[in-house]
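Bear in mind these aren't lab numbers, they're just calculated from the coordinates by the rules spelled out. The shown structure was predicted, so the numbers you read here are calculated from the model rather than taken from an experiment. As a convention, Cβ positions derive from the backbone with ideal geometry for all residues, glycine included, and neighbour counts pool all protein chains shown.
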Amino acid sequence: MPQLFKGPILVTNPTLPTRELTILVDPRYLSHFRSPELINALQLAIDLHRSATPLGITLLVPLKSGSTQTENNILTLSLPFKRVHVQATPYEFVPGQTVKGKKRKALLGNDEEASHCRMLLSIAESLKVDGIVTEAVPLLESRYPIYQDHLIRIVPLHEFGDLCEIFAHGHSIFWSSTDRNRIYTFDLFYQMVHWKGSRLAKWFFSQESSLTDAALKENLRTALLQRYPFVLYARDMTRFYELQMDFFTRKGLSRRFFLPMGYHVNNFYLHLWGMLDQLTLIAKYAKNLPLPDNKCGITAAAFWKEFKPREKHLTKFVKKAPITDWIRTMSDMRHRAAHNVIPMPTELLMHTPESKKTDEEIWGILKMEDEDTFGVVPDEILQKMKPTMISHWRIDKMKRVMKDVVFFTREDGVIYFWSPVLSIDHDLSYLNAIIDAFLVSLFSNWDQPKGS
């Protein structure tokens, strides 16, 4: 029997998702972590670290000499924060060109707030952290262009728990940042704990016995207890792989996990569209509309012709901008995913003077930059690798205009590009609004939960 090697496995080209996240916490808002909401989120981070298959969420706090208040906050909280001693920022951070106008001016000012924001951004970029938790207005107002140009994620305090959950769910640990019960699996998590999924599930269970129409009951059950959790899971997994792709990009490695990202983002929009259509089936049975099922749909003219006289307010809500514009974009995404070339989010890049160099110029640069490879690898193998090596170098030198975009051409000839990954939470909020609008209109006993 061959001797099995029992030493550590050296991985120079990681193939697994990272199990470590590093978050920079703005020291000005450290005291906010005493709130019950953030205490629970921190407890989730602690529990993940203590789990049988540990996940590490490291929280860094910049600490300047003499920062007595920050030190006191850390000691008082007795929570898993690590100090980053800052004598001087690594360099003066300059925002990319996507940050414009008043937002740029707010970050480049000479005032204390602007200086503080640049200090955080400088540390975040030098340490390659996965996010900055803050409530600093200049950072929050520029969060998307900063992310676009520098791949630095600005996380408001109220989103910290969600970030921890996304990281856990991506590793199949369905624990919550609001509920310390650790017994749930994927089968029950979204129906029992998720802020919106649990409210929809509780309402259904409270009404189930009073629903006499079997078709109406079944459509409500599958929509609220199955399809909607599928939407939520696909959202979490899309955000998880976005975190993973960003992590490896910051490390100078390739944007791996492109395929699972595409899988989950397409699932999200397929189930989202299915939810919209299923709401019209629920409406059909709730209002006894004389229509076959295949004539119902969020864009089906026959459905709205029958439904409008009975529910004018709901019809007006759905048929008015910006809802109609949003539905049209969802339609483009869903129909491509279901019937055409699958829309896979990719980077939109622009050539730079360096990326326009000829193949031979790039090949000469590669020889100088990587003498070890060229000195060891046989020439016949290098020649086979040459096109790929040149292509990767050229792409690395191109400017990222927008990340995770897809392109659409409509029947009227309009061409546009759009980012389903960056838009996913916006689209989920629209879906939630439409679900609520249907349930409020169709069921007089719908008790609208606070905060939904």
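In the chain, Cα pairs under 8 Å separated by at least six residues give a relative contact order of 11 percent.
Karplus-derived 3J(HN,Hα) values for the range 167-180, using 6.51 cos²θ - 1.76 cosθ + 1.60 with θ = phi - 60°, are 4, 5, 5, x, 9, 6, 10, 9, 10, 10, 8, 10, 10, 7 Hz; glycine and proline are entered as x.
Among Lys202/Lys284; Lys217/Lys287; Lys357/Lys399, which pairs are too far apart, with a Cα-Cα distance over 19 Å? Check vs 19 Å cut-off fails for Lys202/Lys284. Computed over the alpha carbons of the range 324-377, Rg followed by Dmax gives 21.0, 61 Å. The alpha carbons of the range 20-168 stretch over 47, 34, 25 Å along the principal axes, in descending order.
To the nearest ten degrees, helix 258-287 and the longest principal axis of the Cα atoms of the chain are 10 degrees apart. Directionally averaged projected area (the chain, Cα convex hull): 30.3 nm².
With the cut-off at under 16 Å, measuring from each backbone N in the range 102-119 to a point 7 Å along the Cα-to-Cβ line of Val84 picks out 115-119. The alpha carbons of the range 346-418 stretch over 55, 23, 19 Å along the principal axes, in descending order. Taking the inverse of the mean 1/r over every pair of distinct Cα atoms in the range 320-452 gives a Kirkwood hydrodynamic radius of 19.4 Å.
Can you give me the distance in nm between label points at Lys100 and Lys202, each placed 7 Å from the Cα along the Cα-to-Cβ direction? Reported label-point gap for Lys100 and Lys202 is 4.5 nm. Database remark: amide H of Leu349 closer than 5 angstrom to the amide H of Val401 (H placed geometrically; neighbours at sequence offset of 5 or more, or on other chains; Pro and chain starts carry no H). Helix-derived [θ] at 222 nm for the chain: sum -39500 (n - 2.57) over DSSP H runs of at least 4, divide by residue count, nearest 500? Calculated from helices alone, the mean residue ellipticity at 222 nm is -16500 deg cm²/dmol.
Count Lys and Arg as plus one, Asp and Glu as minus one, and take only other residues whose Cβ is under 13 Å from that of Leu224; the net charge is then +3.
Here the calculated FRET efficiency for Asp425 and Met389, from their Cβ-Cβ distance with R0 = 35 Å, stands at 0.40, rounded to the nearest 0.05. Return the tail of the calculated pair distribution for the range 119-173, meaning the percent of Cα-Cα pairs more than 14 Å apart. Roughly 56 percent, rounded to a whole number.
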